[in-house]
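Only one structure is covered here, and it is reproduced in the block below.
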């Protein structure tokens with residue numbers, strides 16, 4: 001796994017696939033990839049999420065941050081159910097609990113990174129960016145550094161590119177940052193957070209509930225960063 005502080009010399013002009021959900025973290029990640037000089041290819045997923053307005057936000061983010069292209073891939077893993085983000089019969093919790101929460105989507109980041117890896121091979125790209133975070137997060141097992149390291153190891157075993165000597169790099173530049181640090185970093189890079197959607201249950205206009213775990217982390221992050229929260233709440 002590439003360290004957040006790794007030497008990024010020589011990245012200018014190189015292609016990178018960036019996973020873009022439309023939320024705060026992925027927007028910041030796309031801005032960081034752009035700052036490093038990558039030619040960015042944004043990849044989003046229509047996976048059956050109940051908060052599908054995030055795909056509109058993803059398009060806005062990709063356009064605003066100069067992605068060379070933005071693809072939305074249909075990947076209906078939500079059909080398996082068992083997550084409050086894909087199954088409307090499961091309520092989105094409005095208080096923090098212990099353990100892995102019901103908003104965890106089974107194997108989501110594994111599937112998304114696998115698709116990004118395939119896209120990267122087609123592009124001839126050796127860099128994939130994902131906005132996972134292990135500090136201010138909801139307890140998801142696929143946001144941990146150990147997972148990112150393991151996937152990078154897999155990527156360098158399972159691809160033609162790696163076999164032919166082109167190392168595949170999984171970048172997780174936010175993984176050691178607090179939400180406030182992420183917001184400060186993105187603000188310095190010119191990210192307009194008003195165009196992002198983080199809420200687990202926004203309305204049809206993209207307005208946040210202000211009650212779910214994601215809303216709480218986002219709101220507290222802006223407060224700690226000392227930056228006005230541009231989120232539209234219903």
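The values are calculated or read from the model by the stated rules, or taken from the named source; none is laboratory data. Note that the structure is a prediction, hence the values are computed from the model and not measured. All Cβ positions, even for glycine, are placed from backbone atoms using ideal geometry, and neighbour counts span all protein chains on display.
The table below gives the values:
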quantity: Given (1) within 21 Å of residue 88 (Cβ to Cβ); (2) modelled with pLDDT of 95 or more; (3) outside any loop (DSSP other than H, G, I, E, B), number of the condition residue 186 does not satisfy; calculated: (1)
quantity: Residue that is farthest from residue 178 (Cα to Cα) [pool: residues in the range 206-224 that are assigned to a helix (DSSP H, G or I) and over 20 Å from the mean Cα position of the chain (by Cα)]; calculated: 223
quantity: Among residues of the range 6-42, those that are at pLDDT below 95 and closer than 24 Å to residue 201 by Cβ, counted; calculated: 0
quantity: Test: residue in the range 105-126 that is assigned to a helix (DSSP H, G or I), modelled with pLDDT under 95 and over 23 Å from residue 178 (Cβ atoms); calculated: no
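Okay, residues lined up against (1) over 15 Å from residue 200 (Cα atoms); (2) touching a residue at least 24 places away in the same chain (Cβ under 8 Å); (3) surrounded by fewer than 23 Cβ atoms within 10 Å (Cβ to Cβ); (4) touching a strand residue (DSSP E or B) at 6+ places or on another chain (Cβ under 6 Å):
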position	(1), (2), (3), (4)
44	yes, yes, no, yes
53	no, yes, yes, no
60	yes, yes, yes, no
74	yes, yes, yes, yes
